[in-house]
Structure formats: structure tokens, C-alpha cells
Amino acid sequence: MSKRFLSVARALTLFCGVLSSGQTLLRAADFAVATRDDVLVLTSKIQATQFLTHATFGATQVDIDALALQMRQQGTIAAASAWIDAQTALPASLHNPLERTFITQDYQFGSLWDRTGTSSANYTYVATVNGGTGTPGIDARNAFNRTRYRQHAWWHNVLAGEDQLRQRVAWALAQILAVGENAVNFNEEEYEGTVTNGPTAIAGTNGLRAHSRFNGLTNYYDIFVANAFGKYRTVVGKVTYHGIMGDWLSFRGNKRAAGGVFPDENYAREVMQLFTIGLNDLFDNGTARTNAQGVIPTYDADDIREYAQVFTGLGYGYGSYAPANGSLNPNSPYTGGVSTDPNGSVKFQVPMRMAPDKHDRGPKYLLNGLVLPSTSNTTGSPTNTDVNSEGPTHTEETANVEIDAALDGLVAHRSCPPFIVNRLIQRLVKSNPSKAYMARVVNIFKNNGQNVRGDLKAVVKAILLDPEAWQPIRVVYQRSPARFIVTTMGTEDSRLQEPVLTYTRFVRFFKSTAQYQKADAGVYPAAPVPAGNIIGTQFRLNSLDSTFDQSPYTQPSVFNFYVADYQPAGDVVNYVPSSRLQESSLFAPEFQLINAITSNTTNNFYRSISAGSRTETYLNFTGAQATSTNYENTANVTNVATESTRTVITYNFSYERSLLSDSTGPLGDAGSTARINALMEHLDMYLCGGTLSDSPGVDSFGNPVPGYRTSLKNAITAEVATAAPGGFTAAEINNIVRGAVMAIMTAPSFLVTE
Amino acid sequence: MSRSNSQANLEARRNLLKLGTCGAMTNATFLSTLMHLKMTSAVMADGPSIAPTGGYKALVCLFFNGAIDSFNVLTPFGTTQGDARYSEYASTRSGAALKRSLAWDGAWTGTDYGYLNPIVDSSAAGGTGRTFGLHPRFTYLKEMYDAGHATMVANCGSLVVPLANNNDYNNNFKVKPIGLFSHPDLQKHWQTAVPTSRNQVKGWGGKMMDLFTDPALAASQSNVYSAISTAGQSLLLTGNRINPYSISNVTTGVPNGGAVLSAGFTAPTDPQNAPYGNLPGNAYDRIYTKVQRDFASQTYTDILEKTSRDSSVGARDAAAAFQTAFLGTNGDLPPAPSVQFPTTGLGTSLNAVARAISIASNPSAAAPLKQDRQIFLVQVGGWDHHASVIANQDNMIPLIDNGLKAFYDFLISKNMLDKVTLFSISDFGRTFSFNGSGTDHGWGGNPIVMGGAVNATAGNNRIWGTYPNIVLNTSGTGIDRGRGVLIPQTSSDLYHADICRWFGMPANRLNEVLPNIGNFPYQGGSKPIGFLNYT
């Protein structure tokens, strides 16, 4: 048997796992095949599409074909494994440095961040474009302008970054340890010293600090980017010490109980409920342990109070701590010493630090019998006698040891692996992982084979390579006529794709390009845009929250965009899952974002952008701020300028057009049916993994209605049939492609992945 | 079924309902039109429909998402022992306490956060005769209270059975709500009224609207207008058939997010017979429209794909129908309320609600937007004030107060104050004790009710429920679970029950939407609590 047939045998074995009871295969599309090679190629393409949908923000045809080739040469799992290894070896595309690079670029173009005057009552702006002065410049004071830079960095990295798997895992983690930008102080810019014009202003010694508060969120996000393949305990530790989390869950400045004032319980609760162990004591397979009263809560209100005592004493981490006079003011920096830091304000750039005199000194009785003794206990081992005793002040080190011990205990808790693994699988692969899938991955979380717990690289690999990540799509080869039939396992193996992932897949598949341009005196040059007006080939997109109710950094609360056990009204609620699932209910978290508004705004959005491009303009504001110091409110800003910069993103449908319009003749001729078929197979294969549904139905008049794939094909065929002699113009062909693209972006088979 | 057919059926069925011949016949007719299993089970589970009487009524639920510190919304104010003493509040709350008055406390140092607004819990109205403090920024709410059009229910929260004290709490035979003090759990409990479960997918509001709407129109348009959310998906408003319609809080135009293919899509009449060549627009809209016409009738075996399709088609058709009805026969927008609403989140949400109420309650409104009963959800988040509770509430409560005032003025201007009741819910109350900056997760809280139906007269109003003792007592006979987490002494079920009764729910059928209501003795004689007027 040739090597090639070995790999086909492997592939087919992979697809032909045993079906559990209650599972039925749903026939999706079928493809005409001529040779055995066609079967190999189509199989590998489907597998590559399926895998890259789980592991990236979207794959191009080139990506899919390249991985499919590797799969044919090495075997599916070996190629996927090698792909993961190559991805994990890539350097991380960090978001915080990119955000600040974008700001600097804008600054150097003179459009932003440029001002004279130091007091908020005396803002005046001058432009330095081409060295000129006196022209109205642009004010970045508006919060909208500041928040967009973190959006720019995120979209650019996930759309253009080579480290796709890292970005995808980071996005998953960012939805587990979730923060949102709508919090006090997260969007402030900070200036220092006497502000002058010129590039020095960006450096931090004068003017905008190099690390303003509003840059903090990307620094927080980079915890996930940098540690996407690190240890989960590391992630939880860095999150716990990050100033963003300290402010977001209000434990920065938390002080030991004194005078009837108690430590804030916010972080103590959420670090357990959301970041480590969840509400219920779990088995490794994700099911809840029970006793006579039902499910067993992992913690109660008393436990929260104990943990709240652990998370005391942390404050912003810059400056130096002087025990003699050090004190922790919840509203002030660590020691109040801003000017000592040469890099400007770094409230969110360095970890929080411990003010040991504010850290609780008593014993702490934590979960699983873990006891942190009182500082009065010199033996180091807890006794009953130190229950309410308080000893001397902690040192910075002993206080930090307590936090470390508490976090160690939570990650070591038996519920942590299944709780976190379930969420990672939901973000990467499917909404309802089976008990068996859970148990397999949880085993890797508990021990990666080298006695390391929570090794995210190993966990991610186990999630992506598990048979359950592949088995939902199966292929059957049928002879005479030779057909290649794709079937899916359906409900329990599927997941509604997050809205932002739907869009990133669209952008990446259609080989989009993006250009960031600037205007001259409010007017953009016509194409071709002169080099001097192009800041870069950058995906500097802004928030899509108003369209999708989802965009990076727009989580409304620590509970993310959706909860893990959300059930949309309707069939999902009434569905009775097979016994292989963890629970007796089916969950579909992403549907929490779908309502009568977002459904329509999303479909309208795709109708709009399928025109081939989208332009985002950035309205910036200039001039004296005469009416109020409340510059967050645009209504208070006078002299609103025309936009100064814009991102033009262009989607490329040239390949799709070429499928309809090749050199064999005009569209509309006898060869058109084959060309329409080619377009359909292309869109089905690469965007839907060959699963585009084709189940017919009956309408309310009793008329038969074709399935989605046939319906779309009929519509295109009918349109092509209207061809005038000589065929269609290029613009008309583009409109046909656009209609097909719109239909695919609305198709349940595209939106729901398996 | 075409829309005109369903419209005719609606009217026919309404008439049947009004004649009291609902029951089996309605169900039989409905069963014949069933499209999927869910509705079968739903109709079997629902009790008989309830014919609304007494004209239009609407409920507006104001959801303080994140757990508002309502012990700073309604505070002690008295000066004598046992009189909900302000001094005890001040010492227990310490840094989270508001100032009573300039004379009592002196001036604020730094920012002036104002002084409490005293309101009288009038003994003539059945209250205790004590004086309470309303938050300093609730100045309009104080006016509404004094006018007898707003009130609060003290120490109200989620319970399964009454818990008189810590001894009861520690009694394992007395069931407690699941996930106490956790935001998502308690948010669910307030909306589902089933606090023993995390898996509830229906809210008491939606279940109630199931009974008040025509079951035959479940799958079409009628429920689009009966339960409306300005906050996206809403558990409270989800019933067996009722699925809340989302509107946006735009202050001009149609608040529906735009129908799909606003330029090209036309609602299907007879999809298969429509001449394809006559479809409007460009090739892309023709292709897309054709695909959309087949879309609704296709078979999807994958439940998630089917749900995706149903959501998409439902939103498309509802937006088109809403737009048609909203614009009226002449394509005119309904007149903007004469009252100027603030442009805040709550202001714009209530503006959209006000416009929907204007249409639905208009006797000459175009069907099917006209409704006899409506329930709305508006939401304001960001109340989880573990930090800086004084400063944060000082910023946020004026937005609530101004929004409520505009809505109140709107209802008066439309002579509808008696027809609409606004009530607040929130995850839970917050700790009575202070954490150094804010307050933490508690249990009982003090929800707000506003409307002409409030059981009070001008100058003679009262606080309902039992305002807790501020001297915290964690002993077996106390209600403090520690740190001022207070066991509610009035169940949220009783609170909801008064609201449901006013809306038209018969007393003997409350358990259909509030399954645990039978566990709680009534506090108001024949009424669950008694804070609303109804017979």
C-alpha cells in the first residue's frame, strides 16, 4: 500500500469512530469526484478546514490547502500536531506594544496626541504635519479615540498575526478571566510635566505618558497572549497581581479588617466562581458530585470571607515601599511616588505590590483544609489556639506567600481542571463536550505527562487533537456515480460561532487588505492614495460592539458576553441530550448575544460589507474645550473637526469571480452549470467544511422548498439565466458573487460549526 | 398562514376568549397549527388563557443589574431607640453611610454628596409612623412617594420558604436558594421565581404573558409586542411561547435594528409563486431574497442550526412587522412623547418604552401592535459597588431619578399613570457593613415600585415589608448572616404576586407563574403584600 493510501486509511478510520446511541448522521453536501486522488484531497481539505476553524481566527484557501497537503503526506493527526508545534514556537504578537506603536504613528503624522498647555482648562492644539504649526490639530481626549487603539491592536493581531493559535487561545482565556473597558479609570490618558510639541512628548518625560492608564487593558490582555501556552497557575497569578484586575474587581487597596470595616469580597468570590473552581464540586468528566442535598457547592459565604482576608494589602506596584512610613491608600499609588518612575505612569504596567501592614495577620481557613497560620504562630503549623489571634505585621514576602498558597490551592482543587477545561473546549471546539472528552483533556490538565498541572500547551493540544474534535464531520465515498458525501453528527457536536469569529473568518478567507490613511485638511486623497497619506497596511478596526454586542474589551461584566450554561428559548431547551453529555440539558452560550436587534444588525452588516470594502473613519476633535472639563462627553467639545484618519479594509472576491468567469466562455453559456457548481463547492468546502445543509422542507402553502445549498444554487442559476448575449459585465458577476457570499454568511451551516 | 389570515384568527380568537370559551377549543385549533414539539408541550403545560379586563395595563421592570446597594436607597432616619435609628445605621455602615442632614452631621468634607431625603412611613396609611431616608439624589422619587405614586418594599429577597432567623437558615430541612450571593444565580432567581434551580429558562413575566396572549398566534407576530426588552435577551420575559422582542433605545426612527435587506427584502406573500424576475434590487439582493424565502421552510436537524435559522427568520419578520405597525398606515412615526426624556441609558430606554406604550394602548392603533397587556424590561447595570459606593451612587442615581421622573411625567401627560406600574428588581441587597470602600454581596434589599396603582394617597404613604433592625444580630434569633448580610423577611414571590395580581392574575392561579407562592403567608390580608390597588 502506498504511503498515500495509508494516510487515507488513517483519515477514514478517524472519521469512522463508533457512533453512540441516539446519534444520527445528517447528510450535508456531496461533491463529484473523478479519481481516488480527489477523495484524498477533499477529505484532507475538510479536515484542515475543520481544524483551522477551531485553532485560528479563520483560514485562507492557501492555509487550508497547505495543511491539507501535509495531512495527506503525514497523516491527519501528525500534520495537525506538527502545525500546533510550529504555532507554539512562533513569537507572540503582543497587543500592548502594538497599541503604543499605533499611537506613536498617529502622533508622528501629527494628527493626534499633540497639544500645548498643561491644564485641562487650557487645551489648545496645533498640528505639526510636515512641520507646520497653527493648523487645527486633533484632540485625542475623547474616550472614543483612546479606546480605539486597543481595538486596533486586537483586530490587527488576530487578523494579521502569524501566531494564530496563540491569539485564539488568548481570546479564550480573556473570556474566562474577563474584564471590560467600561470601568472607572480604564480609559484615562495621563500627561506629565510641561507638555511641548514634538516627538518627545510621546516619550513620557513631557506630555503623554508612555504608559497611560488607557494602555493598561492591552497590558492585561498580554498576560493571555504571553502565557497562552504556559501554565494556568501562572495566568491566574499574573491576573491576581494585575492592577486592571485589582480595579475591576475592587480589591486593590483592600485592607485587613479593622474597626468594623471588612475586606472586600469581590475578588475572593470571583477567583473561585469564575477563574478556578466554579460553583459545584466536579468529577473529572465534568459532572457534578452530589450528596443527599444534591450538588455540592465548592464554597460558601464563610469561605469567601476567609479568602477575602488573603487578598488584602495589594496596591499599585510602582514607586518604592518604605516600611517606616508606607501606607496604602486605596485611591493612591503604592507610595504616592509617581515622579520616581522614569517611564511615566505605570499603574497598569507593573504588577501590584504588597503593603504588608495592610495584609491580614490572622489565620485563614481555606478550602480543602488549607490553613494559613496567624503571624503570631511561630511554629508555622496551625493550631486551634491562634484562631482569633493577630500577630505582628507581615513582611511583603510572607504576605505574598499567603496569596500564592491560596492560588496554588485553588488550581490544585479537583474541580479546577474540569471547570477550566469545559470553558476552553466551549471557546475552541464545541458547546457541549462529552464526559469522555472532558475526562481525556482533564487528565492532561492534571498532568501533562511530566508532572506539570495546567500546562496550557498540552491542554490545548489535547483539546484540538481529541477524536471528538474531528468526528462530527464524516465523509463517505460512493461509487457509480463516484460521489463524495459529507455527513455531520449535528446538535451535540456543534457550536454557534462567536460573532467576532464569524467576521474574522470572513476577513481572512477573502484575503482582505487594510490601509490606514490620513486626510489632508479633512479631505482624503483619491486612489491611488499617495504614500504620504498611508500610515500603514494595518487592520486598525474599531469596536464592532454596536453590531454584534461583542468586541474585544466590551464584556459588560466579569461574567463575559455569555454564561457557559445559557439556553436560548426554543428547541435547545426541549432537547434531551444523550447520556454521553455531562448534563441533562443542552447549552449554547453564544446565543445569548442573538436577539431581534443583533440578528438584523449582523445580517445588514454582512450585506453592507459584501460590497467589497468597509471604511471606518475616526472623528477626532479639535479646538479649545470651552464648555466643560467633562471631556468624555463629545457634546462638551467645541469645534468638532472632520475626520483625520480612516481604515479602509478591502475584501477580495477575485478568486470567486474567476470561478464564474473563466476563459472557456461567457457566464450564461452552456458551461455555466459547471462553473456555478465550482463556486458552490468552493464556498461549501472552505467556509462550511463541506457541511452546507441541503435538507428540503415544505412551506406554509404546501409547496416543496429546496435545502439551503440547492436554494442558493437555484438562485444563482436563475440569475445567470438572465444573461444577455455576450454574458455579464465584471460588475454584474461581482454582484452574483456578492449574493452568494451574503447567503453563506447567513447560512446556519456556516454560523454553526462542528 | 398569511399574515392577514393570522390577523383574522387573532380577532376571532380574541372574541372567543372574551366570551369565555377558551380552553379546549383554543387548544385544539392551536394543536392543528403546531410547528414543533416545544409548542405542544407548552400548550399542555399552560393553564387556560386569561382574558384581560379593565383596559390596557403595562408592567415595566427596571433591572438594577449588579446588585444596587438599596440600603443606601432607603435608610434609617429616626432618632429614638427601636425606631430604625440613623445613628445605628451610621455606625454600622461607617464609610458607606450617607449623611442625615447638615444640622446633624455637619458638612461633607471634600465632595458634597448631599443629605438624605426624609420620607414618612405614615401610620395613618398602615405604616410604622417612622421616618426613613431616601438617597439624597432621589429627589424626584421623594416627590413621587409624597404624592402617593411610589413606594418601596423593605428587606425583600429570594427565598424558597420563609426563614425567620439564623436558626431557620441553619435548619437543613428549610431549603435555601441555590447559589446565594452569586450574581448570575440571584439574577436568575428574581426573574424565574424558581430559586432552587439553575436550569430555568422561563421567567415569571413570560409565563404570565403566555396566559394573557392568544396561544394561536404564538409563532407569528402577536407576542412580538407583548413582551419587549430594551436590554437584549431577557429571562424574565421568556415564556413557553412568549419570546421577548428586543428594541433599541434609539430616540428617533423605528427602534428595531433595521429589517434585513432594508433595501430589497419584501415580506413573503406566496414565495414559490412570486415571479422571480420581479424581485427588486441588484443581483445580490435578488439572490439573497430568494434564499431568504426558502429559508424559513427548510429542515434543520441540528438543533443549533435550527435555532440559528429560527432566530434569523424571526428577527427578520418581526422587524418588518414591527416597522409596519410602528410606522402606521401612513408611514408616520408615532409622535415623540411631549415629555423630554434624558439622553441617558435609562432615559432613552424609557423613551422607547413610552413610544411603544403610546401605540399599543391607543384604541385606534393598528393591529397587531395594539395590545391589552404589555410587559417591558429596561436595565441599568454597573451597581456592583464593592468600591466607592458613595461616589458611584452619587453619579448614577441622578440618572435613575431623572429617567423615572420623565417616565412619570409622560404617564401623567397621557393620563396613564394608573395603567402602568414600574417595579425594580436587583440581584440582591448588599452588606450592611463596610469593606473600606464599598459594600459586598448581601441578600435582602429594598425594591422600588412606581405608578398610579400604588396603594397610597398624597401625603399619606407607607413603606412595605419589614425594615430590618440595624443593630446586627448574628445569633440564632437574628437575621444577620454575618457582616450585615440580611435574611429577607419578605419573599420576592410576595412582591411579584402583588404585581401579578394587579396585572390581572387571579389569586388562585398565581402558582402557575410563581410556583413557591404557597409557601409564604400573605402579609396584606387577602393580598400578598398590598402595595398596589386592585380588587
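For a test of the definition: using alpha carbon positions, the gyration tensor, and the 1.5 limit on a/c, classify the stretch A:638-750 as rounded, prolate or oblate.
Details: a/c = 2.06, a/b = 1.37, b/c = 1.51.
Oblate.
In order along the stretch A:31-39, the Karplus-derived 3J(HN,Hα) couplings, from 6.51 cos²θ - 1.76 cosθ + 1.60 at θ = phi - 60°, round to 10, 6, 10, 9, 10, 4, 4, 4, 4 Hz, and Gly and Pro are given as x.
Of the residues B:Asn469, B:Val420, B:Thr431, the one whose Cα sits farthest towards the positive end of the charge dipole of the stretch B:411-535 is B:Val420 (charges of +1 on Lys and Arg Cβ, -1 on Asp and Glu Cβ, taken about the Cα centre). For B:Lys188, a cut-off of 15 angstrom between C-alpha atoms picks up these aspartates and glutamates, skipping any fewer than 8 places away in its own chain: A:Asp565, B:Asp427, B:Asp493. Here A:Lys435 is the anchor, and the lysines within straight C-alpha reach of less than 20 Å, apart from those fewer than 8 places off in the same chain, are A:Lys446, A:Lys461. Of the residues A:Val558, A:Ala514, A:Pro467, the one whose Cα sits farthest toward the positive end of the charge dipole of the stretch A:452-571, with +1 on the Cβ of Lys and Arg and -1 on the Cβ of Asp and Glu, is A:Ala514.
Under the classification rounded if a/c is under 1.5, otherwise prolate if a/b is larger than b/c and oblate if not, where does the stretch A:212-325 fall, given a ≥ b ≥ c as square roots of the Cα gyration tensor eigenvalues? Oblate, since a/c reaches 1.5 and b/c is not below a/b.
Sort the following peptides by mean Cβ neighbour count (other Cβ atoms within 10 Å, averaged over residues), highest first: A:662-671, A:434-443.
Packing proxy ranking, top to bottom: A:434-443, A:662-671.
With θ taken as phi - 60° and the Karplus curve 6.51 cos²θ - 1.76 cosθ + 1.60 applied, the whole-hertz 3J(HN,Hα) list for the stretch B:180-197 is 3, 6, 9, 3, x, 5, 6, 4, 4, 4, 4, 8, 9, 6, 10, x, 9, 9 Hz, x standing for glycine and proline. Between B:Tyr245 and B:Ala227, B:Ile228, B:Ser229, the built amide H atoms are under 5 Å apart, and every one of these is 5 or more places off in sequence or on another chain. For the peptide B:311-317, the mean number of other protein chain Cβ atoms found within 10 angstrom of a residue's Cβ is 6.
Couplings for the stretch A:89-96, taken from phi via the Karplus curve 6.51 cos²θ - 1.76 cosθ + 1.60 with θ = phi - 60°, read 7, 6, x, 6, 8, 7, 9, 5 Hz in order; Gly and Pro are left as x.
Summing charges over all other residues whose Cβ lies under 10 Å from the Cβ of B:Asp185, with Lys and Arg as +1 and Asp and Glu as -1, gives +1.
Once you sort the root eigenvalues of the Cα gyration tensor of the stretch A:473-558 as a ≥ b ≥ c, which label holds: rounded (a/c under 1.5), prolate (a/b larger than b/c) or oblate (the other case)?
Working: a/c = 5.22, a/b = 1.80, b/c = 2.90.
In terms of gyration-tensor shape, oblate.
The magnitude of the dipole of the stretch B:438-530, with charges of +1 and -1 set on the Cβ of Lys/Arg and Asp/Glu and taken from the Cα centre, is near 140 debye.
Would you mind pulling out the separation of the Cα centroids of the stretch A:245-313 and the stretch A:416-490, in Å? That distance is 30 Å.
Tell me the relative contact order for the stretch A:415-486 as a rounded percent, counting alpha carbon contacts under 8 Å between residues six or more apart. Intermediate values should be presented prior to the final figure.
Details: 67 pairs, mean separation 16.1, N = 72.
Taking the mean separation of contacting Cα pairs over the length of the stretch A:415-486, I get 22 percent.
Tell me which aspartates and glutamates have Cα within less than 17 Å of A:Lys231's Cα, excluding those fewer than 8 residues away on the same chain? Within reach: A:Asp85, A:Asp222, A:Asp404, A:Asp408, A:Asp455.
Each value in this text was obtained by applying a stated rule to the coordinates, not by laboratory testing. Quick caveat: nothing in here was measured; it's all calculated off a predicted structure. Every residue, glycine among them, receives a Cβ derived from its backbone with ideal geometry; neighbour counts consider all protein chains shown.
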